[in-house]
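The values are calculated or read from the model by the stated rules, or taken from the named source; none is laboratory data. Owing to the predicted nature of the structure, the values given are computational and were not obtained by experimental measurement. Using ideal geometry, Cβ is built from the backbone for each residue, glycine included, and neighbour counts are taken over all protein chains shown.
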Amino acid sequence: MAAGTGALGPFPAAALHDFPYPSQTAAPVSHGPPAGGVPPAADLVLGAAAGCMACVLTNPLEVVKTRLQLQGELRAPGTYPRPYRGVLRAVGAVCRADGLRGLQKGLAAGLLYQGLMNGVRFYCYSCALDAGWTGWPGGTVVAGAVAGAVGAFVGSPAYLVKTHLQAQTLSAMAVGHQHNHESISDAFGSIYRQHGVAGLWRGVSGAVPRVAVGSAAQLATFASAKDWVCQHQWFGEGSWAAVLAGGMVSGVAVAVTMTPFDVVSTRLYNQPVEADGTGKLYRGFLDCFAQISSKEGLLGLYKGIGAVYLRLGPHTVLSLFFWDELRRMVRPQPPPGP
């Protein structure tokens, strides 16, 4: 998740038509060569492509989530207008203000972010898998968190621009600071001209813990949630429905743990800045966290949690599906029999 957080943590590769994810109670296994014969360099490309495909379908929820998280910034509850109320009504508000195409605002920047973040993240995780580090107790969670943090750092400039573009709308419906970029290229050019390379990484202090926490929480709960759904015979073992249900059950834990980091990250990225590039509202991650808590209350850290949750399960499954399908296309085929 992007994430976006997206499928926040890579999972062991396998043919997704039968979803043989390992049970959480199973003994650790030692990973040798790259799973399925796909090297880490290929996973970089395939992970990027999978994240981009999933992003096209889940970007509308990203737009809604961004608007909800910026609404009432640093203002006490009940003291500000609320043009966006809940996920479904927010979708309608976006459509009325920006048209149906408004639900895909920031899509180009979102695709760039997913490509960079997921490509690097899947590459790093594949390297850890190849080295056998994920076979150690807790190794999967640690590897997923580290891979997510590295991917978030690399993709941070794209996430910055994505947030700016998704927040832009008519003045009557505007929430948060309006940067008024004309396009993705104009956004990158404007930020670079005003604040240099460092300006492109503004807000990264919120992005890294956001993805690391979300990745660790997802990896720690997804397989167990899927096993639990199957054990209660809600859906058949290995079915698409079981994996989607597992993703949505896991999504509860991920949304609860990640949303505060997500809100802080969105605020840091979107805030107005001084001429020297420093933020006008927040000095950094901890300052932003403290200000939201004190001025908006604990619930202020959970703005947009509905959109975060609704996006997690489908995006996880879509990313895994696209990743595995692409892997199967490039996986070396056995030689024909005699």
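In the stretch 189-241, what count of residues is obtained for those that are on the phi > 0 side of the Ramachandran plot and in contact with a Gly (Cβ under 9 Å, 6 or more places away or on another chain)?
2
Got at least one residue in the stretch 116-138 being of a type outside the set (Gly, Ala, Ser) and part of a loop (DSSP other than H, G, I, E, B)? Scanning the stretch 116-138, I find at least one residue that is of a type outside the set (Gly, Ala, Ser) and part of a loop (DSSP other than H, G, I, E, B), so the answer is yes. The residues of the stretch 133-190 that are farther than 23 Å from Arg101 by Cβ and in contact with a Lys or Arg (Cβ under 8 Å, 6 or more places away or on another chain), listed by number, are Ala147, Gly148, Val150, Gly151, Ala152. Every listed requirement among (1) in contact with a helix residue (DSSP H, G or I) (Cβ under 6 Å, 6 or more places away or on another chain); (2) buried (at least 20 other Cβ atoms within 10 Å of the Cβ); (3) not basic (Lys, Arg) is met by Gly306 save one, (2).
Determine which member of the set Val330, Val254 is more than 28 Å from Gly199 (Cα to Cα), modelled with pLDDT under 90 and within 17 Å of the chain's Cα centre (by Cα).
Numbers: Val330 fails: within 17 Å of the chain's Cα centre (by Cα).
It is Val254.
Determine, yes or no, whether Ala212 is among the small types (Gly, Ala, Ser), touching a residue at least 12 places away in the same chain (Cβ under 8 Å) and over 16 Å from Leu107 (Cα atoms).
On the way: among the small types (Gly, Ala, Ser): yes; touching a residue at least 12 places away in the same chain (Cβ under 8 Å): yes; over 16 Å from Leu107 (Cα atoms): yes.
So Ala212 passes the test.
All conditions in (1) in contact (Cβ under 8 Å) with a residue 60 or more places away in the chain; (2) over 19 Å from Lys105 (Cβ atoms); (3) part of a loop (DSSP other than H, G, I, E, B) hold for His179, with the sole exception of (2). Within the stretch 73-130, the set of residues being among the basic types (Lys, Arg), under 23 Å from the mean Cα position of the chain (by Cα) and surrounded by fewer than 20 Cβ atoms within 10 Å (Cβ to Cβ) comprises Arg85, Arg89, Arg101. Filtering Gly277, Gly246 for residues that are farther than 17 Å from Arg67 by Cβ, touching a Lys or Arg at 6+ places or on another chain (Cβ under 8 Å) and not in a helix (DSSP H, G or I) leaves a single hit, Gly277.
Within the stretch 157-188, the set of residues being buried (at least 17 other Cβ atoms within 10 Å of the Cβ) and on the phi > 0 side of the Ramachandran plot comprises Gly176 only.
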